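Comments concern the structure below.
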Amino acid sequence: MATGGDKVFDIKERTFLFAKAVIFFVKTVKIERVFMSLFVQLVRSATSVGANIAEGKSGSSRNDFLKFHIIALKSANETTYWLRLIKDTLEVQVTKIEELIEEIEEITKILATIILKNKAASSV
């Protein structure tokens, strides 16, 4: 989710932009009733990533922060799953899905790094 060719480095903003991109993508797809649940799950998990980061940032302790970032990481992994499943089973905009997969994989790596660094800091 680049802005003017530059990546957004604030994870809270980046996940917000990602969630918006998923919502706008889903709005463009003609969804058959039988596949509706795939897209509902995708939107639910994609929006959950940023929501948990936002909640974690306002946590009262490092443990709260860590807990919500771990939940966000799980939601990011789930989002990757739904995107891959939609890409491999439905005739949709493959290029856009690949962009979304690439972005959520980058977000996943960032979240994993944040979690590992905070766990290390907690054990010091």
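None of the figures in this text is laboratory data; all of them are computed from the coordinates on show. The structure presented is a predicted model; accordingly, all values stated were derived computationally and were not measured. Here the Cβ is made from the backbone with ideal geometry for all residues, glycine too, and neighbour counts use every protein chain on show.
Points worth noting:
- Restricting the GluC sites (Glu not before Pro) of segment 33-98 to loop positions (DSSP other than H, G, I, E, B) with no more than 15 neighbouring Cβ atoms within 10 Å leaves Glu91.
- Residue (of Ala19, Ile53, Trp82) at the positive-pole extreme of the chain, dipole from beta-carbon charges: Ile53
- Pairs of Cα atoms farther than 15 Å apart, segment 78-124, %: 53
- With 0.36 nm allotted per residue and the present C-alpha distance subtracted, the Arg62-Glu98 stretch has 9.5 nm of extension available.
- Per-residue extension of 0.36 nm, minus the Cα-Cα distance of Glu105 and Val40, leaves a gain of 21.4 nm for this segment.
- Filter on Lys30/Lys87; Lys57/Lys109; Lys67/Lys117; Lys27/Lys67; Lys87/Lys109; Lys67/Lys96 - keep pairs with C-alpha separation over 25 Å: Lys27/Lys67; Lys67/Lys96
- Segment 15-57 - Rg (one decimal) and Dmax (whole number), Cα, Å: 11.6, 38
- Take every pair of alpha-carbon atoms less than 8 Å apart whose residues are at least six positions apart; their mean separation over the length of the chain yields a relative contact order of 26 percent.
- Fraction in percent of alpha-carbon pairs per bin - 10 Å, the chain: 13, 44, 29, 12, 2, 0
- Estimated FRET transfer efficiency when R0 is 25 angstrom, pair Asn77-Glu32 (beta carbons, to 0.05): 0.45
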